[in-house]
Each structure stands twice: as structure tokens, then as C-alpha cells.
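Structure first, commentary second.
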Amino acid sequence: MKVGFVGQGKMGVPMTLNLIWDGHEVTVFNRTREKTQAAAEEGARVVESPAQAADGADVVVTILSDDAAVEAVVFAEDGVLGGLGKGAVHASMSTIGVATTRRLAEAHQAAGQGFVAAPVFGRPEAAEASKLWVVAAGPADMVERCQPVFAAVGYGVSKVGEDATRAAVLKLASNFVLASAIEALAEAIALVRKHGIDPRELLDVVNTRVIRSPFYENYGTIITDERYEPAGFSLELGLKDVTLALRAAEESGASLPLAALVRDRFQTAVSRGWGEIDWAGLGRVSSDAAGLGSARGAD
Ligand SMILES: NC(=O)c1ccc[n+]([C@@H]2O[C@H](COP(=O)([O-])OP(=O)(O)OC[C@H]3O[C@@H](n4cnc5c(N)ncnc54)[C@H](OP(=O)(O)O)[C@@H]3O)[C@@H](O)[C@H]2O)c1
């Protein structure tokens, strides 16, 4: 299948490689051209604009940081919307807001093109291993058209309806759950350290008796070991997601007081210059607030 791919960040690079290795004909665009090198070495064609990446593609994938990036890439004069053929599909795999998702769906429909919102679960390591989980929403035939792409980058798809905004809402609600879990772990780890207890003792109890979850195990270890760099998913993107969840709550009249608190912790981290570290770095905010500094003496 002919796949256009826009975005060569932490997620985009491994996803592109897996598409190439699955036998797809891939055309790549990234704002910073150097980051297309890995894909080019594996046989992707590198082009000069998002429109060129979309031109002639059956499916064009975008996976970019945020709403502004996706809007810039889609609606620019040399953007995806102008380059994509009639009947071809844009699979939007970034985590973006509900209003932007609606705007994209409407614009593509007006242009006679398909649009599928398909945000993903899984960090870059999962992307490398083709182990992402896709949450897809859009017209059923368009979702079907994207299936070879989803199969190359992931191990499963939740099809959540025809209205693309449903996928955006489900992704934002889920990331809010994850962010809140990280904040809870961060606070609990700071608490036990203040009492002179090794946080590994806490993790032992939590992981065997309280909440058995690979997510808690993984993030509990990252926070205990203070392994925040290199980031898999940055604090800056975590701030973006919780902010988008709050915006979705405002639009619908839902109340998310916990999200407001977690957003404040993300904001604190970003304001302190930690935006580029992993979002598990909420652990650093909690230990800092408790006057603990680094357990490893690095601070
Ligand atoms: N990392 C994860 O664990 C993870 C997991 C699930 C979902 N996601 C979501 O996937 C998306 C990408 O995440 P990532 O971690 O791959 O991010 P990333 O490493 O920061 O990459 C961001 C990408 O967006 C591009 N970009 C940013 N602003 C742009 C603009 N104004 N115009 C054109 N391109 C622009 C960047 O281009 P340059 O190279 O030129 O900067 C880069 O290709 C985000 O929506 C994120 O929430 C991430």
C-alpha cells in the first residue's frame, strides 16, 4: 500500500520503519529533514512538504506533537489537505483535542477525503516492537482502509465508532487516568522516603497487594530509580494532554477537579525547565516539594 507519513519524532520514526519493513511504499515528510534519515536508509522516499507526502497515498499518517502542529501540517498551503487525493484517507495518530479532531474530520469530508482519528497507546519502545494499541474512530470503510497501517504499527485496534471525536475523547480520558496514576505514585514515593522507607518496599506492597498493573510496576520503578531521561513521553506532552482533557471537560460540562491538580504539577515541572524529561518526572516535582532532592544525590 502507498503510505504517506508526516512526523518523525520519537513515535513517528519507529512507526515508519515498521511500515517499510511490512512491505509498504512509504513517503516521508518531517519539518526537520535530518530526522528522516533512518527512514530514508530503509528505503522511504523523503519529500519537501506534507502535500507531497499525501499526494498519491492511499493513507497518509500524521503523528505530531500537538494540535497546532497537526493544523499547521494539514491546513498549510502545501499541507496534507491540498495533497491528498479524493477517496484517500488521513489517519491522525497524534493525541489532539476534540475541537481540532472535529475540524479535521469536517475539512476532509468537504474535500471528498476520508478522515480517521487513530490515537495510539504505547511508548516509543512499544512502537519499535510494533506493539502499539490503536483507538480508531471514523467511517467504517475508512477505518478498514487504514487496517494495514494499524497492523504494521500495532497489535490491536479498538474501533470506537463513526464519529472521529470519540477516539479523541477516549484517548484524552485514558491519558488523564495514566497521568493521575503517575502523580499518585510520585506523591506516595515521596511520602515513604520522608519516613526513611525505601520506595522499593512500597512498590512491593502496591504491586503484589494493592494494584497489580504493569503500568504501576513500570512507572513505580522509573520514579524510584529517577530514570527520567531520555524521555519516552515528555512532561511537556503530558501537560498538553491533561490540558486537552480539561478543555474537553469544559466543552461538555464535565467536572475534572483532579485533572486541574495534575495539570498544575505538570505546569510546575515545565516552568522549572523540566519539560523535556519523561512525564514520570512528576516524581521529581513531588520529591522537590517534600524537600527531598534526589535520592541518588544528583541534584
Ligand atoms: N511518546 C510517546 O510515548 C507517545 C505515546 C502515545 C502517543 N503519543 C503522541 O504522539 C504524538 C507524537 O509524540 P512524540 O513523542 O513522537 O513527539 P516528538 O518526539 O516530540 O515529535 C514531535 C513531532 O512533531 C513535529 N512537529 C512539532 N511541531 C510541528 C510544527 N509546528 N510543524 C510541523 N511539525 C511539527 C516534530 O517535528 P521536528 O522534528 O521538526 O521537531 C516531530 O516530528 C503526540 O501527540 C503524543 O502525545 C506519544
Hey, with R₀ at 51 Å, roughly what FRET efficiency would ARG209 and ARG31 work out to, going by the Cβ-Cβ distance, to 0.05?
-> 0.60
Largest to smallest principal axis extent of the C-alpha atoms in the range 168-289, angstrom = 44, 33, 24
May I ask you to derive the relative contact order of the chain, considering only C-alpha pairs under 8 Å and at least 6 residues apart, and to give it as an integer percent?
-> 14
Please give, to one decimal in nm, the separation of the simple spin-label points placed at ALA129 and THR221, each 7 Å out from Cα toward the Cβ.
-> 1.1
Using per-residue counts of other Cβ atoms within 10 Å, averaged over each peptide, order 148-159, 279-290 from highest down.
-> 279-290, 148-159
Debye equation applied to the C-alpha atoms of the chain, log10 I(q)/I(0) at 0.09 Å⁻¹ = -0.46
Looks like the range 2-162, by Cα gyration tensor root eigenvalues a ≥ b ≥ c and the a/c under 1.5 rounded cutoff (else prolate when a/b is bigger than b/c, oblate otherwise), is rounded
If each residue's Cβ is checked for other Cβ atoms within 10 Å, how do THR221, THR165 rank with the fewest at the top?
-> THR221, THR165
LYS86: which aspartates and glutamates have alpha carbons under 16 Å from its alpha carbon, excluding same-chain residues fewer than 8 sequence positions away?
-> ASP55, ASP58, GLU106, ASP141
For the chain, set up a Gaussian network in which alpha carbons nearer than 10 Å are linked by springs, and say which option among GLY79, GLY273, GLY196 fluctuates the most.
-> GLY196
Per residue of the range 146-151, in order, report the coupling 6.51 cos²θ - 1.76 cosθ + 1.60 (Karplus, θ = phi - 60°) as ³J(HN,Hα) in whole Hz, putting x for Gly and Pro.
-> 7, 3, x, 5, 4, 5
Quick one: dipole size for the chain, taken about the Cα centre, charges +1 on Lys/Arg Cβ and -1 on Asp/Glu Cβ, in debye to the nearest 20.
-> 440
Cα-centre dipole for the range 168-289 with unit charges at Cβ (Lys and Arg positive, Asp and Glu negative), debye to 20 | 180
Evaluate the distance, in nm, between pseudo-label points positioned 7 Å from the Cα of ALA110 and of HIS195 along their respective Cα→Cβ axes.
-> 5.9
The chain - mean residue ellipticity at 222 nm from DSSP helices (-39,500 (n - 2.57) per run, n ≥ 4, rounded to 500) | -15500 deg cm²/dmol
What angle do you read, to the nearest 10 degrees and between 0 and 90, between the alpha-carbon axis of helix 98-110 and the longest principal axis of the chain?
-> 10
Estimated FRET transfer efficiency when R0 is 35 angstrom, pair ASP141-SER180 (beta carbons, to 0.05) = 0.45
Mind checking which aspartates and glutamates have their C-alpha under 18 Å from LYS240, skipping anything on the same chain fewer than 8 residues away?
-> ASP66, ASP67, GLU71, GLU183, GLU250, GLU251, ASP264, GLU276, ASP278
For the ALA289, ALA68 Cβ pair and Förster radius 45 Å, calculated FRET efficiency rounded to 0.05 is 0.90
Taking Rh as the Kirkwood radius computed over C-alpha pairs, what is the Stokes-Einstein D of the range 235-299 at 10 °C in a medium of viscosity 1.306 mPa s, expressed in µm² per second?
-> 127
Hey, got a sec? Which GluC sites (Glu not before Pro) in the range 5-72 land in a DSSP loop and have at most 15 other Cβ atoms within 10 Å?
-> GLU42, GLU48
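Quick note: the coordinates plus some simple rules give every number you see, no bench work behind them. No experiment lies behind these values; they were computed from the predicted model shown. A quick note on method: Cβ atoms are made from the backbone with ideal geometry, for glycine too, and the neighbour counts reach across all protein chains shown.
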